[in-house]
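Take a look at the structure set out below.
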Amino acid sequence: MRVIVCENYDEVSKKAAQIVASEVVLNPKAVLGLATGSTPVGMYKILAEMNKNGEIDFSSIKSFNLDEYYPMSADNDQSYRYFMNENLFNHINIDIKNTHVLDGLAEDPEKECADYDKMIEEAGGIDIQVLGIGQNGHIAFNEPDSFLYANTHITDLTESTINANSRFFEKIEDVPTKALTMGIASILKARRIIILATGASKKAITKELIEGEISTNNPASMLKVHKDVILICDKEAYGE
Ligand code: PGA
């Protein structure tokens, strides 16, 4: 795992945007794996600016998002589909039909998940996967446990994640307790992975990711088996 330590959040956003942009320049038909959460918002802003300035073109790009709450309708302003439209897709020249987010209202969630992995495969696989990291080490909604799922699946959210995400909801009871999420193998199949960690709340887990052993209790540690992972963090997350 390569580690890039940046001065602050803005520099993390810029470095991450540059790396994603370089994939888009190298392969105008690239398949992007995208993440929600507060961390990648700055990166999305810069990518939108680069698109507006004519530096990068998303017209033939495809994207797959990591996860979606369940149940959750796409037009709910707490959905990850809504988040992606608001933070990126509405501001770039991507064909919305080429953007994929798991359907939080799927009647048959198991089928939705199996179809999603198939769709990624048929698109040629993910060229670059963007990840955030939860304070508990989750990547997407792969929560710490005694075992982890390989493929896209439906999952219960842990108390730690429900607490962390309650800041986006009026009250904690409104946070969905389940989600559809890409699995660890679905993520590890990406050709390149960048994982962003910023702020003091990510300090302990960032240290654990860099120094710790591989354990299902820290799902992000699974990234250590991948040959092209770049951790981009700020000084607050990196620590001393
Ligand atoms: P955050 O979420 O970017 O809002 O900190 C990261 C995550 O939970 O994966």
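With respect to (1) under 30 Å from residue 18 (Cβ atoms); (2) of a type outside the set (Ser, Thr, Tyr); (3) more than 16 Å from the ligand (Cβ to nearest atom); (4) in contact with a Pro (Cβ under 7 Å, 6 or more places away or on another chain), the lone exception for residue 104 is condition (1).
Considering region 92-115 alone, what residues qualify as being buried (at least 17 other Cβ atoms within 10 Å of the Cβ) and not in a loop (DSSP other than H, G, I, E, B)?
Taking region 92-115 first, the residues buried (at least 17 other Cβ atoms within 10 Å of the Cβ) are 92, 94, 98-104, 106, 109, 112-113.
Within region 92-115, 98, 99, 100, 109, 112, 113 meet the criteria.
Go through region 116-147 and give me each residue that's at negative phi, assigned to a loop (DSSP other than H, G, I, E, B) and either under 17 Å from the mean Cα position of the chain (by Cα) or within 13 Å of the ligand (Cβ to nearest atom) (or both). Reasoning before the result, please.
The initial filter retains those residues of region 116-147 that are at negative phi, namely 116-123, 126-136, 138-139, 141-147.
Okay, now just the ones that are also assigned to a loop (DSSP other than H, G, I, E, B), so 123, 126-127, 132-136, 138, 141, 143-147.
Those that are at negative phi, assigned to a loop (DSSP other than H, G, I, E, B) and either under 17 Å from the mean Cα position of the chain (by Cα) or within 13 Å of the ligand (Cβ to nearest atom) (or both): 126, 127, 132, 133, 134, 135, 136, 138, 141, 143, 144.
If you check 198, 158 for being within 13 Å of the ligand (Cβ to nearest atom), among the hydroxyl-bearing types (Ser, Thr, Tyr), at negative phi and modelled with pLDDT of 95 or more, only one passes: 198. Somewhere in region 173-194, is a residue touching a helix residue (DSSP H, G or I) at 6+ places or on another chain (Cβ under 6 Å), within 16 Å of the ligand (Cβ to nearest atom), β-branched (Val, Ile, Thr) and farther than 26 Å from residue 42 by Cβ? Yes, the conditions are met somewhere in region 173-194. Of all residue pairs spaced 6 or more apart or on separate chains, those with beta-carbon atoms under 9 Å, a first member in region 181-204 that is over 29 Å from residue 123 (Cβ atoms) and a second member that is modelled with pLDDT of 95 or more and in a strand (DSSP E or B) are 198/6; 198/232; 198/233; 198/234; 199/234; 202/233; 202/234; 203/197. If you filter region 53-86 down to residues that are of a type in the set (A, V, I, L, M, F, W, C) and part of a loop (DSSP other than H, G, I, E, B), you find that the one that is farthest from residue 142 (Cα to Cα) is 56. When residue 127 is tested against (1) out of contact with any strand residue (DSSP E or B) (no Cβ under 9 Å at 6 or more places or on another chain); (2) buried (at least 19 other Cβ atoms within 10 Å of the Cβ), just one condition goes unmet, and that condition is (1).
Of the helices (runs of 4 or more DSSP H) contained entirely in region 156-240, those carrying at least 2 residues that are open to solvent by 60 Å² or more (accessible area, probe 1.4 Å) and not β-branched (Val, Ile, Thr) fall at 159-165, 203-211, 235-238.
Here are 38, 60, 13, 73: which of them is hydroxyl-bearing (Ser, Thr, Tyr), surrounded by fewer than 23 Cβ atoms within 10 Å (Cβ to Cβ) and either within 15 Å of the ligand (Cβ to nearest atom) or under 15 Å from the mean Cα position of the chain (by Cα) (or both)?
Values: 60 fails: either within 15 Å of the ligand (Cβ to nearest atom) or under 15 Å from the mean Cα position of the chain (by Cα) (or both); 13 fails: surrounded by fewer than 23 Cβ atoms within 10 Å (Cβ to Cβ); 73 fails: either within 15 Å of the ligand (Cβ to nearest atom) or under 15 Å from the mean Cα position of the chain (by Cα) (or both).
So the residue among 38, 60, 13, 73 that is hydroxyl-bearing (Ser, Thr, Tyr), surrounded by fewer than 23 Cβ atoms within 10 Å (Cβ to Cβ) and either within 15 Å of the ligand (Cβ to nearest atom) or under 15 Å from the mean Cα position of the chain (by Cα) (or both) is 38.
Across region 41-57, which residue is nearest to the ligand (Cβ to nearest atom) among those that are of a type in the set (A, V, I, L, M) and surrounded by fewer than 23 Cβ atoms within 10 Å (Cβ to Cβ)?
So the first thing to find is which residues in region 41-57 are of a type in the set (A, V, I, L, M), and the list is 41, 43, 46-48, 50, 56.
Checking the rest, the ones that are also surrounded by fewer than 23 Cβ atoms within 10 Å (Cβ to Cβ) come to 41, 46, 48, 50, 56.
Numbers: 41: 8, 46: 16, 48: 18, 50: 21, 56: 23 Å.
So the residue we want is 41.
Of all the residues that make up region 210-240, how many are within 16 Å of the ligand (Cβ to nearest atom), touching a strand residue (DSSP E or B) at 6+ places or on another chain (Cβ under 9 Å) and more than 22 Å from residue 18 (Cβ to Cβ)? Going through region 210-240 one residue at a time, the tally reaches 4. Among the residues of region 140-153, those identified as touching a residue at least 40 places away in the same chain (Cβ under 8 Å) and either closer than 14 Å to residue 214 by Cα or open to solvent by 50 Å² or more (accessible area, probe 1.4 Å) (or both) are 144, 145, 146, 147, 148.
The values are calculated or read from the model by the stated rules, or taken from the named source; none is laboratory data. Everything numeric in this text was worked out from a predicted model, so none of it was measured. Glycine gets a Cβ as well: all are built from the backbone with ideal geometry, and neighbour counts include every protein chain shown. Calculation scope for accessible area: heavy atoms of the full protein, side chains included, ligands and nucleic acids excluded. Shrake-Rupley method; radii C 1.70, N 1.55, O 1.52, S 1.80 Å.
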